[in-house]
Amino acid sequence: MTGVVTWPPCATIRRSPITALKELKELKVIPQGMSSHCLSIKETTEAGMAIEYRLTLAGTTQFEGVAERALPDPGERPVGTGSPLSVDLFRDLGFAVFVATGRNGYLDVESDEGPWEWEPDFYVSVTFRMDKEADPQWKVANMLTVVRRVLDTGSEDAVLVLNGDYVLLTRFGGELVKHRREGWWTSYAAADSIIPG
């Protein structure tokens with residue numbers, strides 16, 4: 001199943017993130033509002049060698065504030081002059097981070113109960129792009145630490161999605177629900193201690 005990837009503020013792409021970015025780069029077409037450096041932050045994305053986690057927060061929260069909540073150390077914080085903000089933390093944490101804002105969001109993914117859709121009117125997304133070759137336990141623990149920090153410092157409804165395909169957790173009305181407990185959460189030793197529930 002391919003997911004729907006929204007590159008805020010304006011482009012909704014109905015194919016896998018890797019395929020969509022590769023096609024856009026080959027055609028030299030960059031949707032309005034999408035920074036060209038997003039297409040080439042890590043060349044491993046083009047070769048299908050990346051994993052992407054996206055935490056989406058519903059609401060009108062300022063994306064700069066979410067970037068600060070996610071990575072409070074100014075040396076690690078995503079930077080830029082608009083949406084998306086980005087930072088390469090591959091060496092230190094195992095991933096690059098993009099923080100973007102958008103409207104009329106749309107997720108079409110698989111949950112434990114089957115196909116699941118969500119359409120937040122306004123949202124901020126925090127995307128983690130990882131190289132498949134790096135130590136998965138280390139980088140996933142680092143990513144979950146950032147996700148936990150964002151969840152702990154705000155009350156927004158939230159969804160964490162793997163590769164635009166699978167829901168890993170949702171939080172609606174303050175209630176956190178994990179998905180793919182047996183297939184994903186149990187694969188990472190520190191996952192349940194970082195985000196209990």
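The values are calculated or read from the model by the stated rules, or taken from the named source; none is laboratory data. Keep in mind that what you see is a predicted model, and the values were worked out from it rather than measured. Backbone-built Cβ (ideal geometry, glycine too); neighbour counts: all protein chains shown.
Quick one: in region 71-88, which of the residues that are touching a helix residue (DSSP H, G or I) at 6+ places or on another chain (Cβ under 8 Å) and among the polar types (S, T, N, Q) is farthest from Asn142 (Cα to Cα)?
As a first pass, look at region 71-88 and keep what is touching a helix residue (DSSP H, G or I) at 6+ places or on another chain (Cβ under 8 Å): 71-72, 77-78, 83-86.
Now restrict to residues that are among the polar types (S, T, N, Q): 83, 86.
Details: Ser83: 23, Ser86: 17 Å.
Step by step, filter region 71-88, then rank; the result is Ser83.
Pick from region 157-180 the residues that are of a type in the set (Val, Ile, Thr) and farther than 13 Å from Leu57 by Cβ: which of them is modelled with the lowest pLDDT?
We begin by selecting, within region 157-180, every residue of a type in the set (Val, Ile, Thr); these are 159, 161, 167, 170, 177.
In the following step, the residues that additionally are farther than 13 Å from Leu57 by Cβ were identified as 167, 177.
Numbers: Val167: 96, Val177: 93.
Per the criteria, the residue is Val177.
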Considering residues that are surrounded by fewer than 22 Cβ atoms within 10 Å (Cβ to Cβ) and either in a strand (DSSP E or B) or in contact (Cβ under 8 Å) with a residue 60 or more places away in the chain (or both), the number found within region 122-146 is 4
When Val150 is run through (1) in contact with a Leu (Cβ under 6 Å, 6 or more places away or on another chain); (2) over 20 Å from Val109 (Cα atoms), the failure sits at (1)
Of (1) assigned to a helix (DSSP H, G or I); (2) surrounded by 22 or more Cβ atoms within 10 Å (Cβ to Cβ); (3) small (Gly, Ala, Ser), Ala96 fails just (1)
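To keep it simple, each residue is scored yes or no on (1) surrounded by 14 or more Cβ atoms within 10 Å (Cβ to Cβ); (2) at pLDDT 90 or above; (3) in contact with a Lys or Arg (Cβ under 7 Å, 6 or more places away or on another chain).
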position: Ala50; (1), (2), (3): yes, no, yes
position: Arg54; (1), (2), (3): yes, yes, no
position: Leu57; (1), (2), (3): yes, yes, no
position: Val66; (1), (2), (3): yes, yes, no
position: Pro72; (1), (2), (3): no, yes, no
position: Gly75; (1), (2), (3): no, no, no
position: Ser83; (1), (2), (3): yes, no, no
position: Arg91; (1), (2), (3): no, yes, no
Going through region 105-117 in order, the residues found to be surrounded by fewer than 17 Cβ atoms within 10 Å (Cβ to Cβ) and either in contact (Cβ under 8 Å) with a residue 24 or more places away in the chain or under 17 Å from Ile51 (Cβ atoms) (or both) are Tyr106, Asp108, Asp112
Within region 176-197, residues over 16 Å from Val159 (Cα atoms) and not aliphatic (A, V, I, L, M) come out as Glu182, Gly183, Thr186, Ser187, Tyr188, Asp192, Ser193
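If you check Ser193 against the conditions, is it surrounded by fewer than 14 Cβ atoms within 10 Å (Cβ to Cβ), out of contact with any Gly (no Cβ under 7 Å at 6 or more places or on another chain) and either of a type in the set (Phe, Trp, Tyr) or more than 22 Å from Ala67 (Cα to Cα) (or both)?
Values: surrounded by fewer than 14 Cβ atoms within 10 Å (Cβ to Cβ): yes; out of contact with any Gly (no Cβ under 7 Å at 6 or more places or on another chain): yes; either of a type in the set (Phe, Trp, Tyr) or more than 22 Å from Ala67 (Cα to Cα) (or both): yes.
The answer is yes for Ser193.
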In region 171-197, anything β-branched (Val, Ile, Thr), touching a strand residue (DSSP E or B) at 6+ places or on another chain (Cβ under 9 Å) and free of Cβ contacts under 8 Å to residues at least 40 places away in the same chain is listed as Val177
